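Structure first, then comments.
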Amino acid sequence: LELDLINAIGSAESVAAVEEVRVAALGKSGSVSGLLKGMGALSPDARREQGPLINGLRDRVSAAIAARKAELEADELDARLLAERVDLTLPPRPRRKGGVHPTMQVMDEMVAIFAEMGFAVAEGPDVEDDFHNFTALNFPPKHPAREMHDTFFLKPDPQTGERKVLRTHTSPVQVRTMMSQQPPIRIIAPGRTFRKDSDATHTPMFHQIEGLVIDRDIHMGHLKTTLQTFIGRFFELDEVQARFRPHHFPFTEPSAEMDIRCDRSGGQLTFNTGDDWLEILGCGMVHPNVLSACGLDPNEWQGFAFGMGVDRLAMLKYGVPDLRPMFDADTRWLAHYGFSA
Ligand code: PHE
């Protein structure tokens, strides 16, 4: 029996196989345990003789099992250490840091330029009412911009029937500022805006910066110089070749769109070269109806206002062809345009 057990232990190739042998020999109904139990039935003399032999057998088998187990465990550990070896010569994986979103980086740049020019930052809510988004801004009651296809309307209030809107531009902040503050006013209002629109250059949520200056004797010359100075700093141009093309906005009169001269041939957009004109923002002199709606006397106060798309200017400055990936949070795209932290 002893020889058989020692052989079985020696040829067990895993800790589990050794355990099987242990159960077969030393377990409750194991062969060695059987001998130990059988001792009770022996005569005292026979027990005195057999006892030490059987106990010795048990001790040697236990010792052999423990030794084989230790050996196999050491082998298994060696194998694991080999398989899970860490290559300390590999370079560390770069740690991924969060970063400021490209739109917010550009917005911060713009705000910094205007701050240097003496503008304060004003803010308003994303969810607006009809009065601030349209009526006070001199939108006629049937103006197409109020219609469903442009504007996101919220569910009407069950009591009043009032339908709030997601602001379609930052111009309602003009209204809020004029109604809460006495002139002279010099503010910019950066923020989110919403329109039902989606293509390569439009997303349903986008960003604008609004500007408003109200004082005595303000005229178009102030408007032009302010915007030319800003655009020059933003695009890092010494001089800006701009034109103010007549346009229409309900809240300004006269109204204009500002274009800057550029060259779009050869894939690369460059400013102050070529004969192309690129529209970059809307502006104008604040309409007397808007001043009146906000409680200011148009005979005493004049002002100018402008509004521009932050994402669009970011696209132009950084040569991004499609606006939509801007809001997809694809880190490869962000890294490609140098926007990752
Ligand atoms: N609110 C206009 C728009 O969203 C931009 C604008 C602002 C035009 C202020 C003139 C004056 O298109």
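Which one of the conditions (1) at pLDDT 90 or above; (2) part of a helix (DSSP H, G or I) does residue 89 fail to meet, given that it meets all the rest?
In the conditions (1) at pLDDT 90 or above; (2) part of a helix (DSSP H, G or I), residue 89 misses (2) alone.
Consider residue 314 carefully, then state whether it is under 31 Å from the mean Cα position of the chain (by Cα), modelled with pLDDT under 95 and among the hydrophobic types (A, V, I, L, M, F, W, C).
Judged against the criteria, residue 314 is a match.
If we keep just the residues of region 161-202 that are within 11 Å of the ligand (Cβ to nearest atom) and basic (Lys, Arg), which is nearest to residue 126 (Cα to Cα)?
Checking each candidate, the answer is 167.
Please enumerate the residues belonging to region 229-258 that are without any contact (Cβ under 8 Å) to a residue 24 or more places away in the chain and away from the ligand (no atom under 16 Å from the Cβ).
Within region 229-258, 232, 236, 238 qualify.
Return the residues of region 103-120 that are of a type in the set (A, V, I, L, M, F, W, C) and either surrounded by 14 or more Cβ atoms within 10 Å (Cβ to Cβ) or assigned to a loop (DSSP other than H, G, I, E, B) (or both); say none if nothing qualifies.
Once the filter is applied, which keeps residues that are of a type in the set (A, V, I, L, M, F, W, C) and either surrounded by 14 or more Cβ atoms within 10 Å (Cβ to Cβ) or assigned to a loop (DSSP other than H, G, I, E, B) (or both), region 103-120 yields 104, 106, 107, 110, 111, 113, 114, 117, 119.
When you go through 295, 284 one by one, which is the residue that is within 16 Å of the ligand (Cβ to nearest atom), of a type in the set (Gly, Ala, Ser) and at pLDDT 90 or above?
The conditions single out 284.
So which residues in region 219-239 are under 34 Å from the mean Cα position of the chain (by Cα) and farther than 27 Å from residue 136 by Cβ, if there are any at all? Break it down into steps so the answer makes sense when it comes.
Step one: of region 219-239, the residues under 34 Å from the mean Cα position of the chain (by Cα) are 226-237.
Result: 228, 229, 231, 232, 233, 234, 235, 236, 237.
Of the residues in region 1-23, how many are farther than 15 Å from residue 71 by Cα and surrounded by fewer than 15 Cβ atoms within 10 Å (Cβ to Cβ)?
Number satisfying all stated conditions: 7.
Starting from residues that are within 12 Å of the ligand (Cβ to nearest atom) and β-branched (Val, Ile, Thr), keep the ones in region 209-218 and report whichever is farthest from the chain's Cα centre (by Cα). Quick ask: steps written out before the conclusion?
At the first step, the residues of region 209-218 found to be within 12 Å of the ligand (Cβ to nearest atom) are 209-213.
Filter once more, so that each one left must be β-branched (Val, Ile, Thr): 209, 213.
Numbers: 209: 21, 213: 34 Å.
Across region 209-218, the extreme among qualifying residues is 213.
Checking the condition within 13 Å of the ligand (Cβ to nearest atom) and either modelled with pLDDT of 95 or more or over 24 Å from residue 111 (Cβ atoms) (or both), which residue from 151, 135 passes? Steps first, please.
On the way: 135 fails: within 13 Å of the ligand (Cβ to nearest atom).
Step by step, each of 151, 135 is checked, and only 151 is within 13 Å of the ligand (Cβ to nearest atom) and either modelled with pLDDT of 95 or more or over 24 Å from residue 111 (Cβ atoms) (or both).
Per-residue answers, yes or no, for (1) touching a Pro at 6+ places or on another chain (Cβ under 7 Å); (2) closer than 15 Å to residue 137 by Cα:
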site: 169; (1), (2): no, yes
site: 172; (1), (2): no, yes
site: 187; (1), (2): no, no
site: 196; (1), (2): yes, no
site: 206; (1), (2): no, no
site: 209; (1), (2): yes, no
site: 217; (1), (2): no, no
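Take the residues in region 13-22 that are out of contact with any Ser or Thr (no Cβ under 9 Å at 6 or more places or on another chain) and in a helix (DSSP H, G or I), then tell me which one is nearest to residue 76 (Cα to Cα).
Among those that are out of contact with any Ser or Thr (no Cβ under 9 Å at 6 or more places or on another chain) and in a helix (DSSP H, G or I), it is 15.
Considering 61, 100, which residue is outside any helix (DSSP H, G or I) and in contact with an Asp or Glu (Cβ under 8 Å, 6 or more places away or on another chain)?
After applying the criteria, what remains is 100.
Taking the options 271, 206, name whichever one is over 16 Å from residue 306 (Cα atoms), within 14 Å of the ligand (Cβ to nearest atom) and touching a strand residue (DSSP E or B) at 6+ places or on another chain (Cβ under 8 Å).
Of 271, 206, the one residue that is over 16 Å from residue 306 (Cα atoms), within 14 Å of the ligand (Cβ to nearest atom) and touching a strand residue (DSSP E or B) at 6+ places or on another chain (Cβ under 8 Å) is 206.
The values are calculated or read from the model by the stated rules, or taken from the named source; none is laboratory data. Since this is a predicted model, take the numbers as computed values, not measurements. Note: ideal-geometry Cβ built from the backbone for every residue, glycine included; neighbour counts use all protein chains shown.
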